[in-house]
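Each remark here refers to the structure printed beneath this line.
Coordinate-derived values only; no laboratory data. Treat the numbers as computed from the prediction; the structure is a model and nothing was measured. Cβ atoms come from the backbone with ideal geometry, glycine included; neighbour counts cover every protein chain shown.
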Amino acid sequence: MDDKGSKLGLLNDIAQRLVPGSEFVIFDITGDESQIANNLKVLKSLLPDGLDSELIDQRLTRIKNDFFIASENRLSDLCEEAGFEKPVRFFQSSIYMGWLTKKS
């Protein structure tokens with residue numbers, strides 16, 4: 001989702017459905033430009049041998065160029081703006097991160 005209101009709108013919709021104190025878990029591809037570039041290199045190095053390298057490059061390029069990736073700080077700001085506590089990252093696996101937050 002883009003960061004022109006769609007992400008905040010989704011978080012607002014979720015927050016409206018939760019009672020205060022409810023836990024909310026978020027998983028997303030997140031990072032600034034250099035983090036994403038480095039994490040995509042790590043992801044590529046973890047893939048098994050024998051995969052179609054052209055297909056891999058196309059998919060990694062798509063992640064880098066076609067997804068609307070927010071930085072971790074921006075995601076935190078959006079959560080707080082939607083009425084959640086500051087999220088805490090509890091998980092990361094190559095390009096994916098997971099956070100736990102609660103509705104304020």
Matching residues, region 81-95, being surrounded by 14 or more Cβ atoms within 10 Å (Cβ to Cβ), closer than 20 Å to ASN38 by Cα and either of a type in the set (Phe, Trp, Tyr) or touching a strand residue (DSSP E or B) at 6+ places or on another chain (Cβ under 6 Å) (or both): ARG89, ILE95
Residue that is surrounded by the fewest Cβ atoms within 10 Å (Cβ to Cβ), among those in region 1-10 that are part of a loop (DSSP other than H, G, I, E, B) and in contact (Cβ under 8 Å) with a residue 12 or more places away in the chain: ASP2
Matching residues in region 44-63 - criterion: being touching a helix residue (DSSP H, G or I) at 6+ places or on another chain (Cβ under 7 Å) and of a type outside the set (Val, Ile, Thr): LYS44, LEU47, LEU60
Identity of the residue in region 35-68, among the polar types (S, T, N, Q) and over 16 Å from SER93 (Cα atoms), that ends up farthest from the chain's Cα centre (by Cα): SER53
Which listed residue, of ASP28, ASP13, is within 24 Å of GLU80 (Cβ to Cβ) and either in contact (Cβ under 8 Å) with a residue 40 or more places away in the chain or in a strand (DSSP E or B) (or both): ASP28
Residue match in region 41-58 (condition: surrounded by fewer than 14 Cβ atoms within 10 Å (Cβ to Cβ) and part of a strand (DSSP E or B)): no
